[in-house]
Structure formats: C-alpha cells, structure tokens
Amino acid sequence: MVHSFKYNHKGRDYHFLFDVETASLHNIDKDAYLVAKDKFGELSESEMIELDGMDKSLVAEISAELDQLEDEGSVNTANYSCTGDKQIGEIKALCLHICHDCNLRCKYCFADEGTYHSKLREYMSFEVGQKAIDFIVANSGKRHSLEVDFFGGEPLMNLDVVKQIVEYAKAQAVIHNKQFNFTMTTNCVLLTDENINWLNEEMFNVVLSIDGRECVHDKLRRTINGKGSQSLVLANAKKFRDVRGDKSYYVRGTFTSNNLDFASDVLYLRDQGFDQISVEPVVLPEDSPMALRAEHLPQIMLEYERLASEYLDSRSSGKWFNFFHFMMDLDGGPCIKKRITGCGAGCEYLSITPYGDIYPCHQFSEEEGYKLGSVMSGEFCLDISKKFAKNTVFNKPDCMACPAKYYCSGGCCANNTHFMGDMSKPYSMSCEMMRKRFELSLAIAGIERSLV
Ligand code: SF4
Ligand code: SF4
Ligand code: SF4
C-alpha cells in the first residue's frame, strides 16, 4: 500500500510518498506527488486539474519510474496480510488499580474521580498485590521481563502498599528468574521529597499528569475543595524532573473542547522545562460539554499543523523536546507483531482491581461481561482473551485500507467498544486525529532527515 501526502512548513510545500508495508518514506517533488496520487488512487478533484495541466511526457516518465520501483519491490502496492491472532496465555504486563480513590476531582475523569463508578473508594491490600504478582509470574511463560503499572485513582494515596508490592515482586523476580519494570501514573499532588526520591529509585517510568496552562488545567483538574491544582502540581512535577535527570518520565495532559488551542499547552509545558510531553484528546460521550465532536475536527487538524510547525522550529533552534504523538522511528520502531496487535489489552496486558478481579485493561474495569477471573480465587478464563486476540488490524476491513494501520494498530479496543459497540469497528473521531498525527509525524521525520 502506498500513501502520498504533502505538508506545508513556513510557506514551503513538502511532498512525500510512503510505502506503508515497508515503512519507507521518500521525499518527492510536486510532479511525482501528483502522478503517484493518481496512480495509487488518492487524487482529489483539485489535484486532478493540476495533473491535467502537467506535460504528458513528464507524466509518462514519472509513471514509468514508479512502475520500475514497484517491479523492484521498492514500492509495494499490495497489502501485507496475516491471518494469525494475537498470542494469549503469556502475560507481560499488569496494571494494578492500587487505589480507587483520588485527591482530585477532574471533571473529565474516565474513572469517575477515581472510583470507577463504584460507591466505595477502595484501596488494594498488600495481600491482593502479592496475589497479582504471583499471578503474573505464574502466567508469564518464558518471558523474563515483566511490567507492573501502579494506577489509580491516585496511586500515591496507597503508597505504603505500593512499596510492599515492589519489595515482594523484586524478591519473586530473584526466585523465578524474572525482572520487573515498575511504572506509576500520578497526579503529582502527593509528590513530597521523600516520595520523589523513592519513585526515582524504584520506578522505571513515571507519568506526571498536568494539562498545561493554569487557566486550562484549573478549569477541570480541581481539588476536593474545588480549588485549582496547577500551581502545586507544576511545582511538584518540576521537583521530580530535577531529581529524575535522564531517567524515563513524561508529563501527560489531556485536551478537551475547552482548549482546542492545545498546541499552546504543549509549548507551555516545554517552556516549563519538560522535554518529554504527551497531550492527548479527551474521550467522552458526545453529550459531555467537554467532549470533542466532529464539528471540532477542522480546528483540531489546524492545531496539530500549528504544533508540528512549532515543533520543527523548536527542535532545530535549541529548544529540543519530544511530543509523543509526533514520534516516528523510520529506521526501527516496533516489530510487525506489535504493529498489528497494538496495546495487547486482554491478551498480554491485563488490569487488576483493588479486590483482585482481572479485566482486559483499566478502561474495561468493572464492566459487565469483561471479567476474566480473580487473582484471589485463582479463577482465570481465556474466553475473553480469545476475543481480544482476534482483534488485529488484519481482521478490521476499515483498517486494512488505512495508511496509519501499522502505527495505530486498529485503535483502542475500549474506545471502539464504548463508542461503536464493537471492538473491531474503529472509532471515527480517533481515526481522523490519528491519521493527521501520523502524516505530520512522517513529514517531521522527513524534513528533519533532510536537514541532517
Ligand atoms: S487525577 Fe486522575 S483519577 Fe484523579 S480525578 Fe483526575 S483523572 Fe480521575
Ligand atoms: S486510524 Fe482508524 S482506520 Fe486507521 S488503523 Fe487506526 S483504527 Fe484503523
Ligand atoms: S484498549 Fe485502549 S485503553 Fe485499554 S490499554 Fe489498549 S489502548 Fe489503552
């Protein structure tokens, strides 16, 4: 499959041809772009007029060159296909819901302010944590490297138990020849010096939640008393960053219909001295006032373009930073298995509630029909995993014709399920944004490569 596209940076049009199957990106000129778009069935009406105005012998020459590249295998018009399902039965990662409680009251919280729609604010006990570690060790097969993500609510509200679980997991790793990488996602409210030092020592990666500018963050991320949390969160996140040095962490924000100018929040976080940044679109039902809806898409697309332009300028002028949705590794990146299977939810990745119940991921937590078992009772049924295992890009007709398929991997099963009623049906809002970010990531990689 071949995809041609253009990107305008600082008034100059850049044209690209991307071979989806081999992940080869070619910088091409405008004439080659028009002929390629025509040849591979992507020509728009306005481009058809431009193509008609081209010299016919030049069109024939470029077309012959494209034929030759195809014959040589440098450009693949066929789609790679594979009928294999995802592997099940070997678990690689667990998301531990260490605490269904939170010290913030974010208005867009998917976890219903940490409670996951339960009336009770539950905390995982050390006993449940131990059983969860035993469960992953027993069900990880030959995998040596395992991951445990401490998630909430707010996991620092149950830090004593987190510490016990980490010590227990490290001891089990020695006994069973495994290695654990721990991560935590925190809202930063309880990042005291002592907690920062412990996290820095024990966590492989830490995700610090902050939405960006004070006016944006404070509108939705408030304390229990209704006060804005940005100044406290920002100060604590900076303290963590200063201790963390080169070890893995990133700041993660959410944008909503309140801040469709979200590029300003990304740049704000950069200006606060963070160089690993992710700001992601909120996912909420359409009737929520903060939801992103189809009518917002044109503005969101322009905002991603603005961000891409600022990103290129910033990185080339000494203010280097990584925006996660623009990261593109043209020389390596994930293996083909990872590219077609995505996040692994329900198969190699599972979540555990505070009571020890097993779900495909945090977004399915407590959802009827998605419980796989319990680490407490030992019950573990793979029937639900089998459904998730079939959920590769090759089993989704919409995805097979999508140039972003090996980077998106067919979208988020939870969003597809919750918004489309079927995990194999891509959620169209997410697709539009995904494809835009995908093209911009390629364009950024192509332009930066041409500058080296
Ligand atoms: S910090 Fe996280 S868990 Fe807590 S209310 Fe906000 S989004 Fe929900
Ligand atoms: S962007 Fe949409 S259509 Fe494309 S691979 Fe992802 S889910 Fe499938
Ligand atoms: S299904 Fe969606 S929410 Fe769940 S782990 Fe995968 S990407 Fe994340």
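The values are calculated or read from the model by the stated rules, or taken from the named source; none is laboratory data. Note that this is a predicted model, so its numbers are computed, not measured. Using ideal geometry, Cβ is built from the backbone for each residue, glycine included, and neighbour counts are taken over all protein chains shown.
Worth a mention:
- Any hit, segment 14-22, residues being over 30 Å from the mean Cα position of the chain (by Cα), without any contact (Cβ under 8 Å) to a residue 24 or more places away in the chain and not assigned by TED's automatic domain parsing to the domain that holds Arg435: no
- Some residue of segment 72-85 being modelled with pLDDT of 95 or more, more than 16 Å from ligand 3 (Cβ to nearest atom) and β-branched (Val, Ile, Thr): no
- Flag for Ile49 being β-branched (Val, Ile, Thr) and either surrounded by 17 or more Cβ atoms within 10 Å (Cβ to Cβ) or in the same structural domain as Met328 (by TED's automatic domain parsing) (or both): no
- Among the candidates Cys109, Cys95, residue that is at pLDDT 85 or above and assigned to a loop (DSSP other than H, G, I, E, B): Cys109
- Taking first residues from segment 403-432 that are farther than 14 Å from Pro360 by Cα and partners that are within 16 Å of ligand 1 (Cβ to nearest atom) and not hydrophobic (A, V, I, L, M, F, W, C), no Cβ contact under 6 Å between residues at least 6 apart in sequence or on separate chains turns up.
- Ser377 being more than 12 Å from ligand 3 (Cβ to nearest atom), hydroxyl-bearing (Ser, Thr, Tyr), surrounded by fewer than 18 Cβ atoms within 10 Å (Cβ to Cβ) and farther than 24 Å from Phe5 by Cβ: yes
- Selection over segment 355-374 of residues that are within 13 Å of ligand 3 (Cβ to nearest atom) and either of a type in the set (D, E, K, R) or assigned by TED's automatic domain parsing to the domain that holds Met124 (or both) gives a count of 1.
- Helices (runs of 4 or more DSSP H) enclosed by segment 362-450 - at least 3 residues per element that are over 18 Å from the mean Cα position of the chain (by Cα): 383-389, 397-400
- Just one of (1) part of a loop (DSSP other than H, G, I, E, B); (2) farther than 24 Å from Thr254 by Cβ; (3) over 21 Å from the mean Cα position of the chain (by Cα) fails for Ile358. It is (1).
One line per residue, one yes/no per condition, for (1) crowded, with 16+ Cβ neighbours inside 10 Å; (2) within 8 Å of ligand 2 (Cβ to nearest atom); (3) acidic (Asp, Glu):
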site: Phe394; (1), (2), (3): yes, no, no
site: Cys399; (1), (2), (3): yes, yes, no
site: Gly411; (1), (2), (3): yes, yes, no
site: Asn415; (1), (2), (3): yes, no, no
site: His418; (1), (2), (3): yes, no, no
site: Gly421; (1), (2), (3): no, no, no
site: Ser428; (1), (2), (3): no, yes, no
site: Arg437; (1), (2), (3): yes, no, no
site: Glu448; (1), (2), (3): no, no, yes
